[in-house]
1. Taking the Cα atoms of segment 321-387, what is the range of coordinates along each of the three principal axes, in descending order and whole Å?
2. Relative contact order for segment 124-277 using alpha-carbon pairs under 8 Å, separation at least 6, rounded to a whole percent?
3. Which cross-chain or sequence-distant (5 or more) residues have an amide H under 5 Å from the amide H of Ser234, H modelled 1.01 Å from N in plane?
4. Percent of accessible area on segment 552-627 owned by carbon and sulfur, 1.4 Å probe?
5. What's the long-distance tail for segment 285-417, i.e. % of Cα pairs beyond 21 Å?
6. Would you please state the base-10 log of I(q)/I(0) at q = 0.13 1/Å for segment 125-248, with intensities from the Debye formula using one equal scatterer on every alpha carbon?
7. Just report the Cα centroid separation between segment 537-593 and segment 156-180, whole Å.
8. Rounded to the nearest 20 debye, what is the charge dipole size of segment 607-679 about its Cα centre when +1 sits on each Lys and Arg Cβ and -1 on each Asp and Glu Cβ?
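The values are calculated or read from the model by the stated rules, or taken from the named source; none is laboratory data. Just so it is clear, the structure is predicted and the values come from calculations on it, not from any experiment. Note that each Cβ is placed from the backbone with ideal geometry, even for glycine, and that neighbours are counted across all protein chains shown. Each accessible area value is taken on the protein alone, full model and side chains, heavy atoms only, with ligands, DNA and RNA left out. Shrake-Rupley method; radii C 1.70, N 1.55, O 1.52, S 1.80 Å.
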Amino acid sequence: MKRHLTVLLALLTGLLVVPAQAHAGPAAGTGAVTAPAPQQALSPTPYMGWNTYYALGGDPTEAEVKSVADYLVSSGLRDAGYQYVWIDGNWAAPTPRSSADDLVPNPDQFPNGLKPLVDYIHSKGLKAGIYTDAGPYIPGKCGLGSHGYYQRDADQFAAWKFDAVKADYLCGIAANLDPKTVYTEFAQALRNNASKRPMIFNLCNPVTSPDWGNYPEEQQSTNSWTYAPAIAQSWRTYTDVGFVGEIKYKDVLRNYDANARHPEAAGPGHFNDPDYLGPELGMTDEEFRTQMTLWSVAAAPLMIGSDVRKLSKTSLDILEDRDVVAINQDSAGVQAVRVGPAGTTETWVKRLANGDRAVVLLNRGDSPATLTTKASSVGLSGHRFTLKNAWTDQVTESAGTISAAVPAHGAALFRVGPATGKPGVPHVVAGLPQVTQVGGDAVPAGTAPLVAGGDQARVEVTVRNDGAQPVFAPRVELTVPDGWTARPLGKAPKLLSSNHSATFAFIVTLPGTAAPGNAALTATMSYEVIGKRRLRQETTTAVVVAPAAPDGDVVLSHHKWISATSGWMSPTVDQSVGGWSPISMLDKVYPTGIGVASPSTIRYYLGDQCSRLTATVGIDDAVRNVGPEGGTSSFQVIGDGRVLFDSGVLTRDDIRQVDIDLTGVRVLDLVVDDAGDGGYNDRANWAGLNATC
């Protein structure tokens, strides 16, 4: 604990410096970082670009890569900094080496070979990256492997004029190699290539426990930071952030947290790598904006995993935002650290080269919140501070408090520094409209707002003034969907003093015919400042309008849920997760139910209409076809935030019967956790899920 606190203070105050060409000898008994070698000035700031893997899967082609290169130029992504076009796995021929032991591209995918493609990429003002594995080629384990051919392959990549090399570890772990040893050997081969061509080295060991099984620490991605800064420009810090065509928000947070364990390893020319950016691969726009925020303050390489040719304008705008990219590309190369405790809401801070701070207010939760921190807490001193919102470009002045209204799964990002000159516009924050009561019952803290046709809900909007000057005549208007009504409660104050807040409340009534789905509540806040015109802010919260409650004896898996998540793939109705087989446990087949992977939450609206729930829960027999590892989960049934059933830890040889009273339950959550050993092989079932309503 003492060491972590020392590192935090050093990062905030600027005392911790990892020179690009110095060597810091590790203290006895510590895992101190070896400082990077001189050649790592290749990438003084985190490199940016695009990679084939998540978008194109295992069979990228010359035509596809050229098309993406063209689009990086025409879309403005190249000019925003995204320079690298990186060809990932499965580019080699089925027999990846010639009789002379040279690597051979697959002629079906690259009929002209790789050199003309690299030339084409370079002609567009872009750079080219290639993939291999640090282990030996083992058919069925990896597409190709360079072990035993490091110098030959390094020379060939350089002869093809590649600018970057990514080395995986799939065959490395299959051959039980020591990653530090082989990656160091490969790095030396790249530095000593016959063409003397500088090439970025991305060390990509994705092996983690328990996600991959039980491996010693020295073979895992979480250990790479102890040696990689001396040999590579970047190194993976955890397992893959997703699957081909799928990157989920929960895994983005998981990888960010793992990446954040050793900020002291990052610096100019050498960076922790939490994996790729995933716009429109399973995240909402808000969730992707959060990923971009976190990757930027983490000084992480910004590699796009999606098919950029198919991205919306919103996604492109997020990727190209100049202020956010500038924070990522800051020359100090400092990685953000958390200030204060971990939790549903957090503060992260990154020291910038000019002494400013990039401050993130992160909301991991399912409901909006107004988050705050102090300038003094992020390493700044003084009485006046300029806050620039990196996403909105709004510039305000604070007397020392940094706050923002942050939506569920969202993050605010400010550039904060000392204020000078005449007083600026006060930093006034209009909170997002928040449903605090439904039908007189308080909404459980941290849960997503949920209403139904005919409901009356209390909605609150809190306005706070963090500036040094008062603001006058604050007002809030609430706009609701057609057919809904919003009645204000109480009177607005005449002024809002410095460091004070006021809450504006409304009673919102839904018609009985309110359509299920997402609905928007929009608050328009206005106020006056001496010497300024009346200023306005608008904030919007999405609320979920529930579908009709079930009626009679129902198969709940056939009823429309509100939301459903699965650790990997998607919840599957009446089949094991993935849809490859019927639900089966202990050799008994169940015709109805839901198959999921941990962690998972499935939410239903019952509307106080049901009295009983029965089900059988356990691990699907499909796990027996995969292997003995993993396959443990726990199941909970939660009604309105209260646990009604808890299975405890179940293995593949256990099942539990569920038979519980649902009287009075409005919202039902079916929750599956990984039982503490990760989600590997956790194919969990809610079988025979029947409700009496």
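1. Sorted largest first, the three principal extents are 34, 29, 19 Å.
2. On the way: 287 pairs, mean separation 28.3, N = 154.
Relative contact order for segment 124-277 comes out at 18 percent.
3. Amide H neighbours of Ser234: Phe201, Leu203, Phe271.
4. On the way: 1600 of 3150 Å².
Result for segment 552-627: 51 percent of the exposed heavy-atom area is carbon or sulfur.
5. Details: 3275 of 8778 pairs.
So the portion of pairs separated by more than 21 Å is 37 percent.
6. Relative scattering, expressed as log10 I(q)/I(0), comes to -0.50.
7. 41 Å
8. On the way: 6 positive and 14 negative charges, 40 e Å.
That gives segment 607-679 a dipole magnitude of about 200 debye.
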